[in-house]
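The values are calculated or read from the model by the stated rules, or taken from the named source; none is laboratory data. Note that this is a predicted model, so its numbers are computed, not measured. Neighbour counts are summed over all protein chains in view; Cβ atoms, including those assigned to glycine, are modelled from backbone coordinates with ideal geometry.
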Amino acid sequence: MQNKMAYTRINNVIRKEWETTFYNLNSALFITLLPFIITLQALILIYLVIKFSSSDALVNTILQRGVDTLQGTMPSLLTLSPLEKFQVLFYSQFPFYLLLIPVMIAISFATFSIIEEKQARALEPLLATPVRTWELLLGKALAGAIPSIIITWICAGIFLAGVKWIGTSHLLKYVITSSWWISILFFVPLITVFGFMLGIIASSRTNDPKNAQNLAIVIILPVLGLIGIQLGGYVILTPGLLVIMAGVLFILDLLILKVAVRLFKRESIVIKWK
């Protein structure tokens, strides 16, 4: 019975967040259009590299090391031409590039979710209800995470369609591997929730959205670093390593939820926040 009531309260928070967010045209466009722009940007960049760069030019860059490292873990690449190997290297990074989409949406969604309610004095009545702190924060996180995850998965499908449109669909068998599925199905949801929780922690401790959004760099820089070290050939994330990282990220999600609940002083919000 208690679990059912908790589920109902969390569901009510999610529905309230969706009504508020998607009623606002700017928020709705940000959540829906930005991911597609990021995806198209990646496709255009890869297309330009393929169209105007020769394999000889790419070999003389640090990317050659990335190709060699990837080829060491995927011997089947030996049958491809040098340019096709570089294409596989670019395509295989896209699942990690996709992580930027839910992170950016998460930070913006989460920070404005609480700060705007504080400024409009709409949060105090909600805190006066029986909803528990962890239910409120989890509901807010899921309200933004669910559409972000779905849109990110749609963008992954658009990217694969774009690869086919470019004329390199024969390379998809080297790209859609177990690492691809682990990244899409596990990393995207886990890092999305992580981003939302960081945003909620920041927004619960400040009244300034800009200060809260500065936390985005805490996630964005590691994601960009992850792409960089793979393109540079310093490490290739194998399925086993990705599973371990996903497990660690899951534990971090649970821990950061506890931290968010501890830092969220609902009594001071009701009494002192102006």
Assuming S54 fulfils every condition listed in (1) within 21 Å of T177 (Cβ to Cβ); (2) of a type in the set (G, A, S); (3) modelled with pLDDT under 80 apart from one, which condition is it?
(1)
For the range 149-176, name all the residues that are buried (at least 17 other Cβ atoms within 10 Å of the Cβ) and polar (S, T, N, Q).
T152, T168
For the structure I just gave you, tell me whether A42 is in a helix (DSSP H, G or I), modelled with pLDDT under 80, under 20 Å from I191 (Cβ atoms) and small (G, A, S).
no
Which of (1) closer than 28 Å to P75 by Cα; (2) aliphatic (A, V, I, L, M); (3) modelled with pLDDT under 70 is the odd one out, the single condition I227 does not satisfy?
(3)
For the range 71-110, enumerate the residues that are crowded, with 22+ Cβ neighbours inside 10 Å and in contact with a Lys or Arg (Cβ under 9 Å, 6 or more places away or on another chain).
F109, A110
